[in-house]
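Trainee: Dropping a structure here in structure tokens format, bear with me for questions.
The values are calculated or read from the model by the stated rules, or taken from the named source; none is laboratory data. What you are looking at is a predicted structure, and each value in this text was computed from that prediction instead of being measured. Here Cβ is always computed from backbone atoms with ideal geometry, including for glycine, and neighbour counts include all displayed protein chains. For the accessible areas, the whole protein counts, side chains as well, though only heavy atoms, and no ligand, DNA or RNA atoms are used. Shrake-Rupley method; radii C 1.70, N 1.55, O 1.52, S 1.80 Å.
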Amino acid sequence: MTFGEQPAYLRVASDLREKIANGSLPPHTRLPSQARIREEYGVSDTVALEARKVLMAEGLVEGRSGSGTYVRERPVPRRIARSGYRPASGATPFRQEQAAEGARGTWESSSEQEPASVEVAARLDIEPGERVMRTRYVYRDGGEPMMVSTSWEPLAVTGRTPVMLPEEGPLGGCGVVERMAAIDVVVDNVVEEVGARPGLAEELLALGGVPGHVVMVVERTYYASGRAVETADVVVPADRYRISYHLPVR
């Protein structure tokens, strides 16, 4: 086989990836052994090993102790819809994060005060070390974990108010917009930036992933007259979900 300019291990990985995609290597099928790859493609053991590592890093195959490497069953990605700046009155955090009509789900959360890290302080435009309320959520749909989220709210805005704890008090469990409105803070803008990275160990544990899986991260910040009043990282497993935006044309 002539490999041209592309590194040999990437060409081998590409061919195996295509076989997985077209069904020649269906889910739960054992990946050709390192010796078989070496013979079939005329490459060295090192190239064969690196090609297998590429497929494993991409989440296409998985190792089974004492058995070998097998093609993973690829779930059909489900859609997480996001739309608009102002959730409907009474919107729950689940509806805030999954805006599709008819979306139903559950969440669990925990809140505690902490000093703002340098990164969080920059996003909230406050000084590092200023007190914030950090809330961590795990969202489930039909019992299956679909998102984890960590939000930070500056206590200079919410401290000593009825909405200081997002999940407690008269507006516990409501979305950011409605909670802020209750203390006369009018949210008028939100910025979301979407990126991807390998999931952190605690994220993958909560989401049911394995080390090396890629997650999508939505960095969201709510503003009231230019002042950041909440920022959050919404983390979604990239192999199981797609983020779909529905934005009104004005």
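Trainee: Using alpha-carbon pairs under 8 Å, 6+ residues apart, how would you state the relative contact order of the chain in percent? Provide the component values of the computation, followed by the final result.
Mentor: Working: 440 pairs, mean separation 43.5, N = 250.
Once divided by the residue count of the chain, the mean separation gives 17 percent.
Trainee: Now for a different question. Projecting each Cα onto the charge dipole of the chain (Lys/Arg +1, Asp/Glu -1 at the beta carbon, about the Cα centre), which of Leu204, Val191, Ala116 comes out farthest on the positive side?
Mentor: Final value for the positive-end residue is Leu204.
Trainee: Turning to a different aspect of this structure: Which percent of the accessible heavy-atom area of the chain goes to carbon and sulfur, probe 1.4 angstrom?
Mentor: 51 percent
Trainee: While we're on this one: Identify the residues of region 202-228 with backbone N under 16 Å of a label point that sits 7 angstrom from the Cα of Ala122 along the Cα-to-Cβ direction, or state none.
Mentor: 219-221
Trainee: Residues of region 107-135 with backbone nitrogen within less than 18 Å of a virtual label 7 Å along the Cα-to-Cβ line of Asn189, please, listed as ranges.
Mentor: Counting only backbone N, you get 122-126.
Trainee: At 7 Å along Cα-to-Cβ for each site, give me the label-to-label distance between Glu108 and Glu219 in nm.
Mentor: Computed distance between label sites Glu108 and Glu219 equals 2.9 nm.
Trainee: Can you compute the FRET efficiency between Glu144 and Gln6 using 1/(1 + (r/R0)^6), with r the Cβ-Cβ distance and R0 = 45 Å? Round to the nearest 0.05.
Mentor: 0.70
Trainee: Can you give the helix-only mean residue ellipticity at 222 nm for the chain, where every DSSP H stretch with n ≥ 4 adds -39500 (n - 2.57) and the sum goes over all residues, rounded to the nearest 500 deg cm²/dmol? Before the final figure, lay out the partial values.
Mentor: On the way: 8 runs with 65 residues, N = 250.
Mean residue ellipticity, 222 nm, calculated: -7000 deg cm²/dmol.
Trainee: Still on this structure, I have one more. Ranked highest first by average number of other Cβ atoms within 10 Å, how do 115-126, 56-67 line up?
Mentor: Packing proxy ranking, top to bottom: 115-126, 56-67.
Trainee: When every alpha-carbon pair in region 8-71 is counted, what percent end up more than 16 Å apart?
Mentor: On the way: 750 of 2016 pairs.
For region 8-71, the fraction of Cα-Cα distances above 16 Å is 37 percent.
Trainee: Between Asp239 and Arg136, what is the label-point separation in nm under the 7 Å Cα-to-beta-carbon projection?
Mentor: 2.3 nm
Trainee: Identify, among Tyr9, Gln34, Asn22, the residue whose Cα sits farthest towards the positive end of the charge dipole of region 7-89, taking +1 on the Cβ of Lys and Arg and -1 on the Cβ of Asp and Glu, with the dipole about the Cα centre.
Mentor: Asn22
Trainee: Send over a whole-number figure in Å² for the accessible area per residue of the chain, probe 1.4 Å. Write down the numbers at each step before the final one.
Mentor: On the way: 13380 Å² over 250 residues.
Ligands and nucleic acids excluded, the figure is 54 Å² per residue.
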